[in-house]
1. In which sequence would ARG608, ARG460 go, from the one with the fewest C-beta neighbours within 10 Å to the one with the most?
2. All other residues with a Cβ under 15 Å from the Cβ of PRO280 taken together, and with Lys, Arg as +1 and Asp, Glu as -1, what is their net charge?
3. Using Cα centres only, tell me the gap between segment 444-512 and segment 176-198 in whole Å.
4. Take TYR377, TYR114 and order them by how many other Cβ atoms sit within 10 Å, fewest up front.
5. Under a straight-distance cross-link criterion of Cα-Cα below 30 Å, which lysines are reachable from LYS567, leaving out those fewer than 8 residues away in the same chain?
6. Is the C-alpha gyration tensor of segment 440-590 telling us rounded, prolate or oblate? Criteria: a/c under 1.5 is rounded; beyond that, a/b larger than b/c is prolate, otherwise oblate.
7. I'd like the FRET efficiency for LYS249 and PHE145, computed as 1/(1 + (r/R0)^6) with the beta carbon distance as r and R0 of 60 Å, rounded to 0.05.
8. Would you tally the net charge around TYR369, using a Cβ to Cβ cut-off of less than 15 Å, leaving TYR369 out, and scoring K and R as +1, D and E as -1?
Amino acid sequence: MMRSLCLFSLLLHATMAQKPAIPNKPVVAPQVPAATPVQKWPTLSGNEPLVIARGGFTGLFPEGSPDAIGLSKDISTFLCNLQLTKDAGAYCLTGTTLDNSTTIALFDPKENTYNINGKDVRGHFSLDYTSAQIDQNVSVNQAIFSRPEFFDGVSPVLNVDALLEDKAPPKFWLNVQSEAFYSQHGLKVVDIVLEILKVYPIDFVSSSEISFLKSINGKSNKATKVIFQLLHATDVESTTIKPYGEIVKDLLNIKSFASGIMVPKEYIWPVKPDKYLGLPTTLVADAHKLGLEVYASGFANDFFSSYNYSYDPTAEYLQFIDKEVSVDGVVTDFPVTASNAIACFAHNNTLPQKGPTWIISNNGASGVYPGSTDLAYNQAIADGVDIIDCSVQMTKDGVAFCTNSIDLIGTTTAMTKFMSRSSLVPELQAKSGIFSFDLTWSEIQTLKPQIVNTQSDLPRNPAEKNSGKFVTLPEFLELAKAKAVAGILVNISNAAYLASKKGLDIVGVVSTALSNATFDKQSTQQVLIQSDDSSVLSKFKDIPSYKRVLIIATTASVLLGITNVVKELKDANLTVFIRTLRNEYMSLAFDYWSDPTFEIATYVQTTRVDGLVTDHPATASRYLRSPCSDPKHVPTILPAQPGELLSTIPAELLPPSAAPLPPLEVADVVDPPLPAVVNTTKDVHAAAPAAPVAPSSTASANSSNVALSLVAILVFAMLSARH
């Protein structure tokens, strides 16, 4: 069909900076009170939940680095996991060793072994070094290996005194790790912490060791809250020698030495072995009755938690804060997402009317159910989609039905029943497949649909992986009318091959089905006809209520910066959709901070696309119906800044420059007329040989300049390279 449009998208994906150059600014507008009345929260205090940032913005930057602190301090409380040197130097690093999170092994290759809580631990320990050694020789690394490493070795390990002596220190939470271990080796942890509390305004101090909390009880500043950190339920607390899962049952005893508890989030919403949520506990309500605050820990956008959230981190936060009882705070590596969940999405905070950007399903809610099934379509409608889509395929006996691909191997269980029908059709794809036109409708109905996992390591809703039923085109149209959706998108592919080789008139079948459903005689619901073949679209030109959508494929894999492509298309009076948006964090550029809401905000606010084609309509709908989707609203969700990370990349890490793209020619857009539909019932020996299928302009190379006379353009944007 067309030459591919190489649409370099807005941001940077897999390459980032060696030198910190990101502005230290919040990414949400200052959260001053809006005009609407302040709502009371179901927290213990009645105030909104706190956002506690573990080491700052550690989802992107190394723990305690300047950028990690700068991008989080205006919207969260900084959580410092305390480690101590042999001369009582205080540093912020999670864990019992310096390994993974620092460059200590480059300074000292030798490791030591210590027994901590009954377990031998080998590595580099802070108590084996002086403050001067740490300050002068050791830098921080990104401790989570799946996160970008380009800021490794840039910033020093964060010294508590250096941070709190700053003119504008962040709100501070001091979490004391391994007090018994340090005390066994001569460090007077209680005295060190009390001195810190005396010198600096500390908002919270916490520990997982009861003996330590009892030692400071009544001695700390009254403004400092003392919090008991419970570790995983099977871990053993060093003072009582009881598992934390047993200790948490006696909240009244905890109340005697602490004003609150910090617990792994599974204490509140347990996750079953199948990775779906179990029934909630009553921990938060029980603690609140006794006057104990509850802080939930373990939140991170790029950690899989439960299939219930469909890889949407905002949905997970709302599960903990937007119920009858709310936690008093969340501990997270991605404080901006948590802050937005609280400020923008809780309390059913929706606009009376959604903004103008269309939400278009990609095979229904295919991120939740198998695509193009009754369940996927109904879920998309329930989630707030504007336009539902049907990619039409044809069966051997001429039935039109909806499924994403003409090859049924990926979207159905065809492999288990019809492997013998597998064939190689070079005109359609390079590999063998089981094609819809080789099976009758009754045979296809014996199959089960199959959910498509776009990221192999991140399966989608496995409990429903084969749920739902296939939908014929007339059934799809009937559903659209019954549910009164704003519109439909009908995708037609491979029309020339089906006509000339299989005697199947897909264009005629679609046209008749639309007419039978009276879509050609109404203007209430939008009708979009999509194809990669301009000759297919020309068949519908005489029906003014239909909008024709031409697919422009893209090949961009590295996000380099913003282009003028969308602006030029819109200036040509063309409608621009972007696809395909997904929740899975591995499909997102690093600039989006593993949060699909930021990707949506960027396309809506920065490029002002007309529609979003998505596997997860619920995520797009929640954003577009939130007051925070309005850049003028306070607070608002600001889009990612194009090229901001890219500008910090050293030249040696930049990808090679692409060759100039050739101009788009008429032949790249205009396809030859569709061939006649052959009569396959005739004797194949008597029939004249079918003319070869003319290659469509999709076989051409890349191009960048577009001037099309169609009503709508669907831009397929490959948004990022994969992790």
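1. ARG608, ARG460
2. Local net charge: -2.
3. That distance is 63 Å.
4. Neighbour counts put them in this order, fewest first: TYR114, TYR377.
5. LYS25, LYS354, LYS539, LYS541, LYS547, LYS632
6. The shape class here is oblate.
7. Efficiency for this residue pair is about 0.95.
8. 0
Coordinate-derived values only; no laboratory data. Only a predicted model underlies this, so the values are computations on that prediction, with no experimental measurement involved. With ideal geometry, Cβ positions are generated from the backbone for all residues, glycine too; neighbour counts draw on all protein chains shown.
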